[in-house]
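Below is one structure, written out as C-alpha cells; the observations come after it.
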Amino acid sequence: MKIKNKYFGEVEYMPQEIIRFPEGLFGFEDHKEFLPIPFEEGADTLICLQSLHEEELSFVLLNPFLFFADYDPEISEADRHAIGSPRDEDISYYTIGVIRETIADSTVNLKAPIAVNIRTRDARQIILEDPAYTFRHYLGEPERKEE
C-alpha cells in the first residue's frame, strides 16, 4: 500500500503498521487511521503521524522521554481499557510537537500524550491530571529536577 506525505513524498506501508484511534484525536475525531513514519529510520525521536485518509493532515510526534527524563504519564483505567487493557510495558507514549526554527522555541504537548498499545496498534490521546504538564511546554525549558 502507498500514501503521500508532505515530508517524505510517496511512502509504502503494510497494514500492520497502521495505528487506529477509535475516537480520533482531539479536534480531529473523524480521522481514525494513521501511519507513523519516523524521520530517521529505526528511531522514534521524531515521527510523522500521517492520516491515511487526508494527505494534508499529519502531526509531528516526539518521544517525550528523550527530552524530559522525568516525564511520568499515568494512564487512567478508562483510557487503558479503551486501548485494549495493555500492560504498562506494552504502552508507548508520544507527544504532539510544534517544531519552530529553533528547538528552544519548539513546543510539545505533555498534558495530552498519545498512548499506543504496541500489540494491537490501538491508540488514544489522553489528558493527564498532573498540573506540572502543560499543553505547550517549551523544549528549551530546563528539566525540573528533584531537590
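The values are calculated or read from the model by the stated rules, or taken from the named source; none is laboratory data. This structure is a prediction, so every number in the text was calculated from the model and none was measured. With ideal geometry, Cβ positions are generated from the backbone for all residues, glycine too; neighbour counts draw on all protein chains shown.
Restricting attention to segment 61-73, does a residue exist that is under 22 Å from ALA132 (Cα atoms) and polar (S, T, N, Q)? Yes, segment 61-73 contains a residue that is under 22 Å from ALA132 (Cα atoms) and polar (S, T, N, Q). Being free of Cβ contacts under 8 Å to residues at least 40 places away in the same chain and among the charged types (D, E, K, R) holds for only one residue in ARG20, ARG80, and it is ARG80.
Yes/no per residue for (1) under 18 Å from the mean Cα position of the chain (by Cα); (2) at pLDDT 95 or above:
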residue: TYR93; (1), (2): yes, yes
residue: ALA112; (1), (2): yes, yes
residue: ILE118; (1), (2): yes, yes
residue: ALA123; (1), (2): yes, yes
residue: ILE126; (1), (2): yes, yes
residue: HIS137; (1), (2): yes, no
residue: GLY140; (1), (2): no, no
residue: GLU147; (1), (2): no, no
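Here GLU40, GLU89, GLU12 are screened, and the one residue that is acidic (Asp, Glu) and either modelled with pLDDT under 95 or in contact with a helix residue (DSSP H, G or I) (Cβ under 7 Å, 6 or more places away or on another chain) (or both) is GLU40.
Looking only at segment 36-60, filter to residues that are in contact (Cβ under 8 Å) with a residue 40 or more places away in the chain and over 16 Å from the mean Cα position of the chain (by Cα); which one of those is surrounded by the fewest Cβ atoms within 10 Å (Cβ to Cβ)? Per the criteria, the residue is GLU56.
Scan (1) touching a Leu at 6+ places or on another chain (Cβ under 7 Å); (2) crowded, with 17+ Cβ neighbours inside 10 Å; (3) modelled with pLDDT under 95 for the single condition PRO73 breaks and write down its number. Status for PRO73: all satisfied but (3). Out of the residues in segment 98-125 that are of a type in the set (A, V, I, L, M) and within 19 Å of LEU35 (Cα to Cα), which is surrounded by the most Cβ atoms within 10 Å (Cβ to Cβ)? Per the stated criteria, the residue is ALA123.
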